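Asker: Here it is, the structure, as structure tokens.
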Amino acid sequence: MVLPIHVYGDPILRERAQPVAADSPELQQLLDDMVETMHAASGIGLAAPQVGRRERVFVVDLTPMKEELEAEGETLPPMPMFFINPEIVWTSEEQCSFEEGCLSIPDVREVVERPVAVRIRYLDRQFRPQELEARGMLARVIQHEYDHLEGILFIDRISAFRRQLLRRRLREIARGQVSAEYPLALSRV
Ligand SMILES: [Zn+2]
């Protein structure tokens, strides 16, 4: 089922997501719904708070960029990927800049500087412990989605000057003056 996506201004995007205690049919359903929602919105990552949930999970699917990334030498694990109770345990000192967007902040794109590589521990969909070192685009999406679980948005990681330029647009989005080609859950103020 495609779930509506919560947008900037919704308090759930500022909450810290809570660890999942155990596997359950409900969790598996949530993961299915999150993948379906991400695909319906043409996204490459989606975190539970974006669909109004507090579970500490996110999903990633870089398939739309697979050829391009592999041409650049990036090798990708099988997609989609499921990250349950993830923990970033290492980030590289080396940083890089890339323009990011977010399904919860439609039509806003900003260059964000982040570590080039990360190591992340998590449970996969079968609740098996995994540890992955990711670089490049996968590392970037992982960090963006992981931030969502901490209540952090990519616009928190841009300069105060850039954020100032976005202030009016963000206020409009928070007021519900926003549309997208996928269902939104608008918080009514
Ligand atoms: Zn996002």
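The values are calculated or read from the model by the stated rules, or taken from the named source; none is laboratory data. Fair warning: this is a prediction, and the values are worked out from it, not measured in the lab. Note: ideal-geometry Cβ built from the backbone for every residue, glycine included; neighbour counts use all protein chains shown. The accessibility values were calculated without ligands, DNA or RNA, using every heavy atom of the protein model including side chains. Shrake-Rupley method; radii C 1.70, N 1.55, O 1.52, S 1.80 Å.
Asker: P(r) tail for the range 5-185, what percent of Cα pairs lie past 27 Å?
Answerer: Here the long-distance tail beyond 27 Å is 23 percent of all Cα pairs in the range 5-185.
Asker: Give the carbon-plus-sulfur fraction of the accessible surface of the chain in %, rounded to a whole number; probe 1.4 Å, heavy atoms of protein chains only.
Answerer: Here it works out to 49 percent.
Asker: Go through the range 1-104 and name the trypsin sites (Lys or Arg not before Pro) that are in a DSSP coil and have 15 or fewer other Cβ atoms within 10 Å of their Cβ.
Answerer: Arg16, Arg54
Asker: Measuring with a 1.4 Å probe in the full set of protein chains, what accessible area per residue, in whole Å², belongs to the chain?
Answerer: 51 Å²
Asker: Report the full-extension gain for the segment Thr91 to Glu113: residue separation times 0.36 nm, less the Cα-Cα distance, to one decimal in nm.
Answerer: The Thr91-Glu113 span can extend by a further 6.6 nm.
Asker: So how much slack lies between Arg121 and Glu99, counting 0.36 nm per residue of separation and subtracting their Cα-Cα distance, in nm?
Answerer: So the extension gain works out to 5.4 nm.
Asker: Which value in nm describes the separation of the simple spin-label points at Lys66 and Gln18, placed 7 Å from the Cα toward the beta carbon?
Answerer: 3.7 nm
Asker: Can I ask one more? Rounded to whole Å, give me the distance from the Cα center of the range 1-74 to that of the range 105-178.
Answerer: Cα centres, the range 1-74 to the range 105-178: 12 Å.
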